[in-house]
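Reviewing the structure listed below.
Each value in this text was obtained by applying a stated rule to the coordinates, not by laboratory testing. Bear in mind that the values here come from a model prediction, so they are computed numbers and not experimental data. Cβ atoms come from the backbone with ideal geometry, glycine included; neighbour counts cover every protein chain shown.
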Amino acid sequence: MSTQLITTGRAPRTGAPARSGEPLARKMILRGPVYLLLAGAGILALVPFLWMVIASTHKTSDLFVTPLPLLPGGEFWQNLGRLQESVGFGQVMLNSVLVAVIYTLFSTIVSVMCGYGLATYRFRGRGVLLGVILVTMMIPMQVLLVPLFQMMASVGWIDSYQALIVPFLANAFGIFLMRQGFLDFPTTLIEAARIDGASELRTFYRIVLPVARPQIAALIIYTFISQWNSFIWPLLMLNTEDKYTIPVALNTMIGLSRVDYSGLMLGSLLATLPLLVLFLVFQKQFVAGLLGGAVKG
């Protein structure tokens, strides 16, 4: 043994040799069914989207034949021209972008500031105020339609974009999400900034906001998507076709005796693409923001 220690510089190994690949192989075997299940669920989730892509390139009559078409057709540009002619899809897309961007901007500002106040300031009635905000999340939107409609009519906001944006700026979910994100923020940093003479606004902008970027990104995505897909309230508020948003405009393509399914599929496809791009670009921040707000008490 001494000779081997001198020549090799290490003690001889005893027993059976370690098999480094065995744990990895065992993990793959155990996780294989889970991966197959997730892959199958992913494929099933993609089927409606793939059918929407295929249907948007065919005539409506082709969608009711047997067997159904499984490959894209050659009617994409014809369907696009008919969609533009029937609902003015370009203008409708601009309307939706305008409303969604403005609402997301101001609603995010309100949610971030309210969440910061509820998380960091100590004042009487803070718990009650938070409870009231959470209770509003349990109220169905249908219950609020009549009183909200009367309020908009009393201020003359019927058929205006203000009616789509202003009533919902204080988003209960957004406030709760940002409050959860700010709960674990070290208050010593805020106190140090105050001692150094920084104003509340400067402290909030320079110290607090950079730490809350994941939660803010998640809030922006959630808020934009919710406003982009909003249908019932814009349907009640908007009377002029030039002001329609995408969900309201696509609803007008459903007639009493005939439905342009290929046009509906194409319009739904074009309306979905911006949301997919937005989520794919910010998916890491979205997941990090939601998880960050979920684990804080």
query = Where a Cα-Cα gap under 12 Å defines reach, which aspartates and glutamates qualify for K243, not counting those fewer than 8 residues away within the same chain?
reply = D159
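At most 12 other C-beta atoms within 10 Å and a DSSP loop state: those are the exposed trypsin sites (Lys or Arg not before Pro) I care about. Give me the longest piece of the chain that has none.
With trypsin sites (Lys or Arg not before Pro) excluded where exposed in loops, the chain gives 125-257 as its longest stretch.
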remark   = In terms of the charge dipole of the chain, which places +1 on Lys and Arg and -1 on Asp and Glu at the beta carbon, the residue among F64, P140, Q180 farthest towards the positive end is Q180
key: Residue among M138, M178, M113 with the largest mean-square fluctuation in a Gaussian network model of the chain, springs linking Cα atoms under 10 Å   = M138
ask   = Which of I220, I29, I207 moves most in a GNM of the chain, Cα contacts under 10 Å?
value = I29
query = Given +1 on the Cβ of Lys and Arg, -1 on the Cβ of Asp and Glu, and no further charges, what dipole in debye does the chain carry about its Cα centre, rounded to the nearest 20?
reply = 1480
query = Residue separation times 0.36 nm, minus the C-alpha to C-alpha distance between R26 and I158: what's the value?
reply = 41.1 nm
inquiry  = Quick check: pseudo-label points 7 Å beyond the Cα along Cα→Cβ at L44 and R122, how many nm apart are they?
reply    = 5.1
remark   = Restricting to aspartates and glutamates and to Cα separations under 15 Å from K59, and discarding same-chain partners fewer than 8 apart, the set is E75, D260
message = Taking the Kirkwood radius as the inverse of the mean 1/r across Cα pairs, report the Rg/Rh of segment 88-294.
response = 1.04
ask   = Based on the Cβ-Cβ distance from V166 to T252, what FRET efficiency comes out when R0 is 30 Å, to the nearest 0.05?
value = 0.75
query = For the chain, what is the calculated [θ] at 222 nm in deg cm²/dmol (nearest 500), taking -39500 (n - 2.57) for each run of four or more DSSP H residues and dividing by its residue count?
reply = -22000 deg cm²/dmol
request  = Report the residue, chosen from G42, G131, G90, that carries the largest GNM mean-square fluctuation when the chain is represented by alpha-carbon nodes joined by springs under 10 Å.
outcome  = G42
request  = Under 11 Å from a label point 7 Å along Cα→Cβ of L276: give me every residue in segment 44-80 with its amide N that close.
outcome  = 46-54
